[in-house]
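J.: Let me give you the structure first, and then I'll get to my questions.
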Amino acid sequence: MMAGSVTNAVAAARAVTARATGTPFLVRCGIGISGLLAMLVAWPVSLTGTQYFIPLTLLAVYPAVVPRGRGATLAAMVVVTGWLVDTAGYGASVELWRVLSIASLLYLGHTLTALAAVLPYDAVVNLEVVGGWLLRAAAVLLVSAVLTVVTLALSADLAGGAFLVATLLGILGAVGATVLIARLLRRA
Amino acid sequence: MVPPLPPEPEQFAGPAWVPTRALGRAVLLTGLLLLLGVALGRVDLVLLAAPFAIGAAASLRRMPRSAPELTIATGDEHIVEGGHVDASLTVTNPDVIAYDLVVVRTRTSPWLKLEHADRPFAISVPPDGWHAVDLPGDANRWGRQDVGPAAARVAACGGLLACRPVVVPARGVRVYPVTDPFKATEAMPAAAGLVGNHRSRRPGEGGELAGVRPFAPGDRLRRIDWRVSLRTRDLHVASTLSDRDAEVLLLLDVLGEVGRSGGVAGGASVLDTTVRAAAAIAEHYLQRGDRVSLLEYGATARRLRAATGRRQYLTVLEWLLDVRPDPVEGDDDYANVFGFHHVSSDALVMVLTPLVDPRSADMLAQLTRSGRYVVAVDTLPPDAAPGNRGQWTPLATRLWRMERENVLGRLREHGVPVVAWAGSGSLDLVLRDVARLASAPRGR
């Protein structure tokens, strides 16, 4: 019984591999790589290469295999947890390059998962679809990178005013999110 | 009193656009990171939320309002088996925002070999524009071959909103049977008796002079009018009116399908041979000015009434597209399948049959007994055999073949000529026999 189901699973996997096309595969590779890099940057360096990193790796790669599931949300939360553990637990300092990398990789993983969720693995893909998608993601990343640099510089200048900046930005973000949800509810 | 306004269809159709899991993820992560940032006083956590918030806001600043439109085009040209088909799927975007990703997929008939038709296509469509996916390919078998149903699923706003799938029904491509060249030089059995006092108005082989015209390729040499040709120093022929007015009834045995069809390039099943032979015979006799009618020997007994000319040829081709196995279940009574009153007594009846069902042989014998001029065309593929179910199958197949040969022999004894379809000239020999039979006194 068990052997039969394993054989069926192997046969199904072979059929999927035989039919898969290049572009959706590359998109899924992108999800896996960005997830893995985000884990590497977020979690403490001392954890890299140990057996504790194996579940993190699996968790990072899982959304690439099942982009329609909740794996991407879970992986992003684990990355944020790692960042909190490293900065609050291990006492690592908040460095600009790490914030920038984690934010960019998380968003890249998120948007590529959104693409892979609607893109069948065996599709004949017009390249302008992926090109346009990546261009929009790049524009968003550019704007948020500028915001990150400016904000971190500001908080460094204010020296201790980080709490104030966080509160202000947080309130602004919360207002934006509320407006967004209200618009969506009105449409529905 | 004000008449009530007609209800808008959107009010009942529910929202066509639904949020995706990506939107839920973006909102959740943004909210969670903002909350943590404010609670812990960490600006870096707020900054981690920034791309999600900016991306969602930028994507959702304008939302789609109308559903996409999908159309299937198949081209209207005359397609013969083995010919080229140009199908296409067109997605139209009536909205003011672009569709970031449209996944279009379609089903197709197994006899249409269209390029990549078994795969979904991922395209993007600009606002107020359209995008067509071409599906060139070949039609491998006669019949009404479907392209569709097709479905399109659209993702807009960076994948944060998705449309419910839009499905359109299939569109048929008419693929006409390829006709084996068929020529029968023998006279019609009942032609002489049908001429009567009325001359046909149709040009063709006959005795009544219609006029003199210049020689054209295909004219018979004995039709050359030498006197006119000498006078004008150009070859001229005397054209005549047809004095043939015979009816040919093609009776198609559709009680069952035998053999595996391999399309135009592969092996032919019974129905393939039946349809292609019927088209060839009908073309031949209609070109010669005869009237041709068609009748199915099956449960529904479809019928095409006798007529002549090119228009009838096109009607015959159209009629043949709908030929499919039409078995009569659990009824051994031949009379319930088929009525004699459909068959004109002067018609030449050409029965295209595999002679697998015993009722077909009975029908042939009865037709001959009732005094019709009958020719049976054997449409069974030479390599047809039942599937191997055990060690006795080859023996059983041999027995069945011997029994079938026996039936054919008995039919020949009854005066039913049975000939295997082999295209050009395959019926000449038997038609000569039928013509000779027809000259004998009728009735028994």
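The values are calculated or read from the model by the stated rules, or taken from the named source; none is laboratory data. Only a predicted model underlies this, so the values are computations on that prediction, with no experimental measurement involved. For neighbour counting, all protein chains shown are included, and Cβ atoms are generated from backbone atoms with ideal geometry for every residue, glycine included.
J.: From the list A:Gly22, A:Gly49, A:Gly4, which residue is at positive phi and surrounded by fewer than 17 Cβ atoms within 10 Å (Cβ to Cβ)?
T.: A:Gly49
J.: Is at least one residue of the range B:59-70 assigned to a helix (DSSP H, G or I) and more than 24 Å from the chain's Cα centre (by Cα)?
T.: Yes, the range B:59-70 contains at least one residue that is assigned to a helix (DSSP H, G or I) and more than 24 Å from the chain's Cα centre (by Cα).
J.: Kindly establish whether B:Ala299 is under 26 Å from B:Gly83 (Cβ atoms) and outside the structural domain of B:Asn140 (by TED's automatic domain parsing).
T.: Here the answer is no, as B:Ala299 does not meet what is asked.
J.: While we're here: Say whether the condition of being under 13 Å from the mean Cα position of the chain (by Cα) and either at pLDDT 90 or above or crowded, with 19+ Cβ neighbours inside 10 Å (or both) is met by at least one residue in the range B:158-167.
T.: no
J.: Taking B:Val154, is it among the aliphatic types (A, V, I, L, M) and within 13 Å of chain A (Cβ to nearest Cβ)?
T.: yes
J.: Still on this model: So which residues in the range A:68-118 are at the interface with chain B (Cβ under 9 Å from one of its Cβ atoms) and hydroxyl-bearing (Ser, Thr, Tyr), if there are any at all?
T.: Once the filter is applied, which keeps residues that are at the interface with chain B (Cβ under 9 Å from one of its Cβ atoms) and hydroxyl-bearing (Ser, Thr, Tyr), the range A:68-118 yields A:Thr73, A:Thr87, A:Ser104, A:Tyr107, A:Thr111, A:Thr113.
J.: For the structure I just gave you, tell me whether A:Val16 is in contact (Cβ under 8 Å) with a residue 12 or more places away in the chain and surrounded by fewer than 12 Cβ atoms within 10 Å (Cβ to Cβ).
T.: Against the criterion (in contact (Cβ under 8 Å) with a residue 12 or more places away in the chain and surrounded by fewer than 12 Cβ atoms within 10 Å (Cβ to Cβ)), A:Val16 qualifies.
J.: Moving on to the next point. Out of all the residues in the range B:118-141, is one or more in the same structural domain as B:Val80 (by TED's automatic domain parsing) and modelled with pLDDT under 85?
T.: Among the residues of the range B:118-141, not one is in the same structural domain as B:Val80 (by TED's automatic domain parsing) and modelled with pLDDT under 85, which makes the answer no.
J.: If you don't mind, there's one more thing I want to ask. Looking at (1) surrounded by fewer than 20 Cβ atoms within 10 Å (Cβ to Cβ); (2) under 18 Å from the mean Cα position of the chain (by Cα); (3) more than 30 Å from B:Arg153 (Cα to Cα), which one does A:Tyr90 not meet, given that it meets all the others?
T.: (2)
J.: For the range B:146-170, enumerate the residues that are under 18 Å from B:Ala56 (Cβ atoms) and assigned to a strand (DSSP E or B).
T.: Once the filter is applied, which keeps residues that are under 18 Å from B:Ala56 (Cβ atoms) and assigned to a strand (DSSP E or B), the range B:146-170 yields B:Ala155, B:Ala156, B:Leu161, B:Ala162.
J.: From the residues in the range B:271-311 that are surrounded by fewer than 19 Cβ atoms within 10 Å (Cβ to Cβ) and among the polar types (S, T, N, Q), which one is nearest to B:Pro382 (Cα to Cα)?
T.: Ranking the candidates gives B:Thr300 first.
J.: Separate question: Can you tell me which residues in the range B:267-290 are outside any helix (DSSP H, G or I) and within 17 Å of B:Trp421 (Cβ to Cβ)?
T.: Correct list: B:Gly267, B:Ala268, B:Ser269.
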